[in-house]
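Each remark here refers to the structure printed beneath this line.
Please treat every number below as a calculation from the coordinates, not as lab data. Given the structure is predicted, the values throughout are model-derived calculations rather than measurements. Backbone-built Cβ (ideal geometry, glycine too); neighbour counts: all protein chains shown.
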Amino acid sequence: MRHHLFPSMFFLLGALALLAGCQPVTPSPVAHDQSQAAAVIKVANADDAVAVYAQTGTTFVDITSPRGIGSAQVQFTPAQAAGPIQLRFYLKGLEQALLDNGDMQLEIGISSHPPYLVSQTVITSNGARSLDKDDALRADVTLASAEGAPATIPLHSGQIAITLPATLIDARRPVLSLRWVDFYR
């Protein structure tokens, strides 16, 4: 009797799975704000935190890293990938940030002394090249002090904001791998 029930159970389970796959799907409510959609975030170090949210049409990625060295991967929703994205590093300095979309890497560094020069390099299968200030692949990098005073490195409060070039993340490449190193780790 055991031999006859076993195949029947597989048939019944298979039929239920098929029926479940044919059930009508109720669409999710339409999100009026991108902040309702959730990005998928993977962080390498348990101490690091990455938060993604939208505000006034821009997707913000807040990164805190007590050790100053870390990595994460963010998979943006289609709505987030379609609009402006700004990374905000809450670090004391940024020796290096490597932003990888799978097709190209954007490497950014900020000098630790005034005038806090920003260097940017794009790396593709064709090699590496430095980006000048007018290059379309260049990110906008700013230092922002929480107190409203001019920001200086080491940054004790505030953030290092990097607005990504529009071509770095899009519907074809919605995943961004991040690696960062703080001068003052």
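A few comments on the model shown:
- For region 115-185: rounded, prolate or oblate by the Cα gyration tensor [a/c cutoff 1.5]: prolate
- Net length gained if the chain between ILE41 and SER177 were fully extended (0.36 nm per residue, minus Cα distance): 48.0 nm
- Cα-projected label distance for THR64 with ALA51, points at 7 Å along beta-carbon direction, nm: 0.7 nm
- Among residues other than GLU95 with Cβ under 14 Å from its Cβ, the summed charge is +2 (Lys and Arg +1, Asp and Glu -1).
- Amide H within-cut-off set for ALA54, under 5 Å, with H built and near neighbours excluded: SER35, PHE60
- In Hz, Karplus ³J(HN,Hα) per residue of region 172-185 (6.51, -1.76, 1.60; θ = phi - 60°; x = Gly, Pro): 6, 10, x, 9, 10, 9, 10, 9, 9, 9, 8, 4, 9, 8
- Taking a Cβ cut-off of under 14 Å around THR124, the surrounding Lys, Arg, Asp and Glu residues balance to a net charge of -2, with basic ones at +1 and acidic ones at -1.
- Charge tally for ALA49 (other residues, Cβ to Cβ under 15 Å; Lys, Arg +1; Asp, Glu -1): -1.
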